[in-house]
Amino acid sequence: MATLEVKGLRKVYPGFTLQDISFSVEPGTVMGLIGRNGAGKTTTLKALLNLIRTDGGEIRYFGLPLQAHEQEIKQRIGYACGAVDYYPRRKIADLLAVTRRFYPQWDDALCSRYLRAFSIDPEKTPRELSEGMRVKLNLVPALSHHAELLLLDEPTSGLDPVSRAELLDVFAFLREQGVAILYSTHITSDLEKCADAITYLHQGSLRASAPMAEFLAAQAAAGFGATLEEIMVNREKEDLHETFGA
């Protein structure tokens, strides 16, 4: 059974439509979600969290429809995006103490383990941390209640190369434990190191969703390049050339 299954997802805004987005994330796998700014990645993630009212399609977690089982599902998933920017003057320990009340499966020992692994002092406040450290802090709650699926929006943004490598090691460990990860990022080189599959959005539409090796092979055969960055640049350039007749 897929950890996450999305079928025909649709959301209409004035001037932008997310349409017919379908993909699935299996247990113990990392799915990279890519696309340039405005492609629909954030809209997709908001829909997956039921933060926006969709105009069509189906979202299921663990075989359960999101709309009918939202509370149960959200106990089993974790979400993190960028750096912590809320309550910057409160102690980190206090922020985590509040967060833990929402999760019956919260594990204090696991939380402390990640704080140590990320070198975060819980007696400090978020404003005392660097941008990269605040990114790591935002991941701690998502990792501390034994989530079966992580939804991550630019989780390595602002991190130095060493910190990014450490975080990718965490993702590899979680994958071995059967945790599924949907990972949206512009740092495509990170995805090449950890992703098992790729979902590529373009102007609100699904361009491709496939296992990483299959995706890379198909794009290389079509002449778009050998890396995710080359593929995205060349595919987007092709669309620009078609638009302007270059």
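The values are calculated or read from the model by the stated rules, or taken from the named source; none is laboratory data. For clarity, every value in this text was computed on a predicted model and none was experimentally measured. Methodologically, a virtual Cβ is constructed for each residue, glycine included, from the backbone with ideal geometry; neighbour enumeration extends over all protein chains shown.
Residue by residue through segment 117-130, note down the ones that are assigned to a loop (DSSP other than H, G, I, E, B), more than 22 Å from the chain's Cα centre (by Cα) and over 29 Å from Ile73 (Cα atoms).
Ser119, Asp121, Glu123, Lys124, Thr125, Leu129
One line per residue, one yes/no per condition, for (1) within 28 Å of Glu192 (Cα to Cα); (2) in contact with a Leu (Cβ under 9 Å, 6 or more places away or on another chain):
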{"residue": "Tyr61", "(1), (2)": "yes, yes"}
{"residue": "Leu66", "(1), (2)": "no, yes"}
{"residue": "Arg90", "(1), (2)": "no, no"}
{"residue": "Glu128", "(1), (2)": "no, no"}
{"residue": "Leu137", "(1), (2)": "yes, yes"}
{"residue": "His146", "(1), (2)": "yes, yes"}
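Which of the numbered conditions does Phe62 fail, given that it passes all the others? Conditions: (1) at negative phi; (2) assigned by TED's automatic domain parsing to the domain that holds Ala180; (3) touching a residue at least 12 places away in the same chain (Cβ under 8 Å).
Against the list (1) at negative phi; (2) assigned by TED's automatic domain parsing to the domain that holds Ala180; (3) touching a residue at least 12 places away in the same chain (Cβ under 8 Å), Phe62 comes up short only on (1).
Restricting attention to segment 139-161, does a residue exist that is assigned by TED's automatic domain parsing to the domain that holds Phe62, farther than 28 Å from Ala47 by Cβ and either surrounded by fewer than 20 Cβ atoms within 10 Å (Cβ to Cβ) or within 18 Å of the chain's Cα centre (by Cα) (or both)?
Yes.
For segment 1-58, please list each of the strands (runs of 3 or more DSSP E) lying entirely inside it that holds at least 1 residues being surrounded by fewer than 16 Cβ atoms within 10 Å (Cβ to Cβ). Break it down stepwise before answering.
Details: elements: 4-13, 16-25, 30-34.
Correct list: 4-13, 16-25.
Give me the pairs: first residue in segment 99-116 and part of a helix (DSSP H, G or I), second residue of a type in the set (Gly, Ala, Ser), beta-carbon distance under 7 Å, and six or more apart or on different chains, which are they?
Leu110/Ser144; Cys111/Ser144; Tyr114/Ser144
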